[in-house]
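Taken together, the values in this text are just the output of simple stated rules run on the coordinates, not laboratory data. In this text the structure is predicted, and so the values were computed from the model without any measurement. Because the Cβ atoms are built from the backbone with ideal geometry, glycine has one as well, and the counts that use them run over all protein chains shown.
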Amino acid sequence: MKKTQLLKGVLEGCVLLIIKEKEVYGYELVQQLKKSGFEEIVGGTVYPILQKLEKNALTTSVKKPSSDGPDRKYYQITEKGREYCDDFVQNWKELESSVHHLID
Amino acid sequence: MNSTKLVIQQNNELREELNEENKAYYEEMLVYMRVRSWLKDEEKVEEVLMQVLQDMVSAQEESIPAEKYFGKNPQTYANQILSNLERNWVDHLQLVFSIVGFTLVLSILNNIITMATGLNLVTVLSRSFLIYVAVFAVFKWIEMDSFTNTSSKWKDFLFMVIILSVFVLGMIVETMLPYQLFINIPITVSWGILILCLIGAIWKFFVLSKEERKAWVFPLLFLVGASCIGLINYL
């Protein structure tokens, strides 16, 4: 099984966890994901996730001045997003222990 | 200048900071997204394009090539990004109205040159429809041509021939339509409309930025030329 397939449902939650820590722009987020061990993640898969999160009101965005051209889009977490994060962490822990149980 | 135009201009400037390889990678995606965004909100499309560009510039500053940053399947990612954007019918209606307006102005120019007063509304609508189909076909053509290495001048030529044939065929078919609707437009009204168009076109020329002016020269000359011919005929 491909790792990317396994990752699909989890990535949204992971992106949100990073945004929860501090507001970020796209490039920063991709680098942060890579640093956290998601080395195969590329920008192309991250932008659609960012769009979805914003569409579902889990994040909002603000424009801030940038050294690379015009104002840059920074993502911030919303209250709804925080709740989603808590649920995600809870679900992940349950899933992790179940999978662990099977593996052992 | 509206905000979308401003973003496009900023994109043109910032793109120059990419090196040759990264620029080629980005531009292929840019063209693909712009033509695929038919019916989509242009402002939103340009916003995402700018976001990706800024991030690619950041990646380049840290010596990460665009392909490594954005990924090996730009077409898939671009499709996903576009599918998340909503449709914008206002932009689309604007396009439809400008095509109908364009065809109307052409018919009026034709009336002025030939000093005719009749205007067939069915012809105006059917030609507008043909132009609409042609615009759509060109967009689809560029879209199909993206991310492939199979484009050739030959194929482009063949495509143009097909489009032109459809156009000619359409013009033959429209004369056979059972229902025609003629209205009478006095020559003075035609002149009035033409003069308004001329004033509008000249005004727009001075409002546009230098880059856009180049594209506006041709339609402007066309209008002035047709007016001159009409005037000579009239006198």
Exercise for review: Could you list which residues have their amide H under 5 Å from that of A:Thr59, counting only those 5 or more apart in sequence or on another chain, with H placed in the peptide plane?
Suggested key: A:Glu54, A:Thr78
Revision key, fill the gap. For B:Lys44, counting only lysines whose alpha-carbon sits under 21 Å away and dropping same-chain residues fewer than eight positions off, the answer is A:Lys52, A:Lys55, A:Lys63, A:Lys64, A:Lys73, B:Lys5, B:Lys140
Review point. Once amide H atoms are placed 1.01 Å from N in the peptide plane, what residues at a sequence separation of 5 or more from B:Asn88, or on another chain, have their amide H within under 5 Å of its amide H?
Key: B:Lys40, B:Asp41
Review point. With contacts defined as alpha carbon pairs under 8 Å and 6 or more residues apart, what's the relative contact order of chain A in percent?
Key: 27
Check your understanding: Taking A:Lys80 as the anchor, which aspartates and glutamates have their alpha carbon closer than 13 Å to its alpha carbon, excluding any fewer than eight residues away along the same chain?
Key -> A:Glu54
Check your understanding: Taking chain B as a Gaussian network, where each spring joins two C-alpha atoms under 10 Å apart, which residue of B:Leu53, B:Leu208, B:Leu121 fluctuates the most?
Key -> B:Leu208
**Study point:** the range B:1-65-the range A:9-61 distance, computed between alpha-carbon centres (Å)
**Key:** 20
Point to revise | Estimated vicinal HN-Hα couplings, Hz - the range A:21-29 in sequence order (Karplus 6.51, -1.76, 1.60; Gly, Pro = x) | key: 5, 7, 5, 9, 9, x, 4, 4, 5
Study note, to complete from the structure: Taking a ≥ b ≥ c as the square roots of the Cα gyration tensor eigenvalues, with a/c under 1.5 meaning rounded and otherwise prolate when a/b beats b/c or oblate if not, the range B:1-142 comes out prolate
Review point. Which semi-axes, in whole Å and largest first, does the equivalent ellipsoid of the protein assembly as shown have when worked out from the alpha carbon gyration tensor as the square roots of 5 times its eigenvalues?
Key: 51, 22, 20
Exercise for review: Determine, for B:Phe159, B:Phe70, the number of other Cβ atoms within 10 Å of each Cβ, and report the residues in order from fewest to most.
Suggested key: B:Phe159, B:Phe70
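Would you calculate, for chain A, the mean residue ellipticity at 222 nm contributed by helices, counting each DSSP H stretch of 4 or more residues as -39,500 (n - 2.57) and dividing by all residues, to the nearest 500?
Result for chain A: -21500 deg cm²/dmol, rounded to the nearest 500.
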Review point. From the phi of every residue in the range B:207-221, what ³J(HN,Hα) in whole Hz does the Karplus formula 6.51 cos²θ - 1.76 cosθ + 1.60 yield, where θ is phi - 60° and glycine or proline is x?
Key: 7, 5, 6, 4, 4, 6, 4, 3, 6, 8, 4, 4, x, 5, 4
Review point. On average, how many beta carbons from a partner chain sit within 10 Å of the beta carbon of a residue in B:71-84?
Key: 4
Check your understanding: Amide H of A:Val24: which non-local residues (sequence gap of 5 or more, or other chain) have their own amide H closer than 5 Å, using H built in the peptide plane?
Key -> A:Tyr75
Practice item. Work out from phi, with θ = phi - 60° and the Karplus expression 6.51 cos²θ - 1.76 cosθ + 1.60, the ³J(HN,Hα) of each residue of the range B:175-187, listed in order in whole Hz, and give x for Gly and Pro. Key: 6, 9, 4, x, 10, 10, 10, 9, 10, 9, 10, x, 4
Review point. Quick one: what do you get for chain A if you divide its Cα Rg by 2.2 N^0.38 Å?
Key: 1.16
Review point. Taking Rh as the Kirkwood radius, which is the inverse of the mean 1/r over Cα pairs, what is the Rg/Rh value for the range B:35-96?
Key: 1.08
Point to revise | Calculated FRET value between A:Leu102 and A:Lys52, using beta carbons and R₀ = 22 Å, to 0.05 | key: 0.15
Check your understanding: Taking the simple approach of a point 7 Å from Cα along Cα-to-Cβ for both B:Glu13 and B:Glu211, what is their distance in nm?
Key -> 1.0
Practice item. Compute the long axis of helix A:79-103 from its Cα atoms, compare it with the longest principal axis of the Cα atoms of chain A, and write down the angle in degrees, 0 to 90, nearest 10. Key: 30
**Study point:** chain B - percent relative contact order, Cα under 8 Å, separation 6 or more
**Key:** 23
Review point. Which of the GluC sites (Glu not before Pro) found in the range B:53-130 are loop residues per DSSP with 16 or fewer other Cβ atoms within 10 Å of their Cβ?
Key: B:Glu62, B:Glu86
**Study point:** Peptide-level mean, for A:22-29, of C-beta atoms on other protein chains within 10 Å
**Key:** 3
Point to revise | FRET E, pair A:Thr4, A:Asn91, Förster distance 25 Å, beta-carbon r, rounded to 0.05 | key: 0.80
Exercise for review: Round to the nearest 0.05 the FRET efficiency obtained for B:Lys5 and B:Ser152 when R0 = 35 Å and r is the Cβ-Cβ distance.
Suggested key: 0.60
**Study point:** Helix A:43-55 vs. chain A, principal-axis angle (Cα, 0 to 90°, nearest 10)
**Key:** 80
